[in-house]
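**Student:** My questions all concern the structure below.
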């Protein structure tokens, strides 16, 4: 019963992710938030792939694991993109915070390389799990580094009492909550083999509902960009 409920919740979650993408495009936020828009596109894409592979759990698992390499690259770019509307005010602060972001990514990369050379695990079908394991390590490292970057800038902006544009506040809150969810999901994925199937299904539903709630909030809170912001981005592209 939980499995069936989880499937329909995933369908609803896919629809909400698609609504967020439509909201971004209709408000033309992609003109400023390029990597955030890309993250929205990939979220819908992988949601659809997961639904289409529902009957093939091994295939769905493989897609999930290999997609972690992509997200390991994307999450830091998204964290950087969050503050595009106020980059003139925080240029120095953002450059200082990026050191922590890069160091976290480097540590994750080194640890992942060590795992790939020292470990050679296989799944039930006998296929090597070394590369997917590296993907999980990079995903965890990238997520925590991006979250630390967001928190550092959040704290710096608050300490300097800088005025945040409306969408900057919305994206900052949304991605902080999303990345916290990603960190918890990584821990859940690693500990899932120790849990009973009912517990796994229940936690999966809980994570999906959490994601749906913060995404719905983001959809409702986003606003169109002020004309001066879009003009600055257009001039910069020229």
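Values in this text are rule-based calculations from the coordinates and carry no lab data. Just so you know, these numbers come straight off a predicted model, no measurement behind them. Reconstructed Cβ throughout: ideal geometry from the backbone, glycine too, with neighbour counts over all protein chains shown.
**Student:** Would you please give the FRET efficiency between residue 161 and residue 51, computed as 1/(1 + (r/R0)^6) with r the Cβ-Cβ distance and R0 = 35 Å, to the nearest 0.05?
**Tutor:** 0.15
**Student:** Going by how many other beta carbons lie within 10 Å of each one, how would you line up 60, 178, 52, fewest first? Write down the numbers at each step before the final one.
**Tutor:** On the way: 60 17, 178 22, 52 12.
If I rank by nearby Cβ atoms, fewest first, I get 52, 60, 178.
**Student:** What ranking of 209, 159, 172 emerges when the number of other C-beta atoms within 10 Å of each C-beta is taken as an exposure proxy, fewest first?
**Tutor:** Numbers: 209 12, 159 9, 172 19.
Sorted ascending by nearby Cβ count, the order is 159, 209, 172.
**Student:** Compute the FRET efficiency between residue 206 and residue 11 as 1/(1 + (r/R0)^6), taking r as their Cβ-Cβ distance and R0 = 25 Å, and round to the nearest 0.05.
**Tutor:** Once the sixth-power term is evaluated, E becomes 0.90.
**Student:** Using label points projected 7 Å from each Cα along Cα→Cβ, tell me how many nm separate residue 198 and residue 151, to one decimal.
**Tutor:** About 3.5 nm separates the two model spin labels.
**Student:** How long is the gain from residue 42 to residue 77 if the chain were fully straight, where each residue apart is worth 0.36 nm and the alpha carbon distance is subtracted? Let's see the in-between values first.
**Tutor:** Details: separation 35, 0.36 × 35 = 12.60 nm, distance 1.38 nm.
Result for the pair: 11.2 nm of gain on full extension.
**Student:** Related question: How do 74, 53 rank when sorted from fewest to most other Cβ atoms within 10 Å of their own Cβ?
**Tutor:** Exposure proxy ranking, most exposed first: 53, 74.
**Student:** If I model a spin label as a point 7 Å beyond the Cα along the Cα-Cβ vector, how far apart are those points for residue 223 and residue 95 in nm?
**Tutor:** About 3.1 nm separates the two model spin labels.
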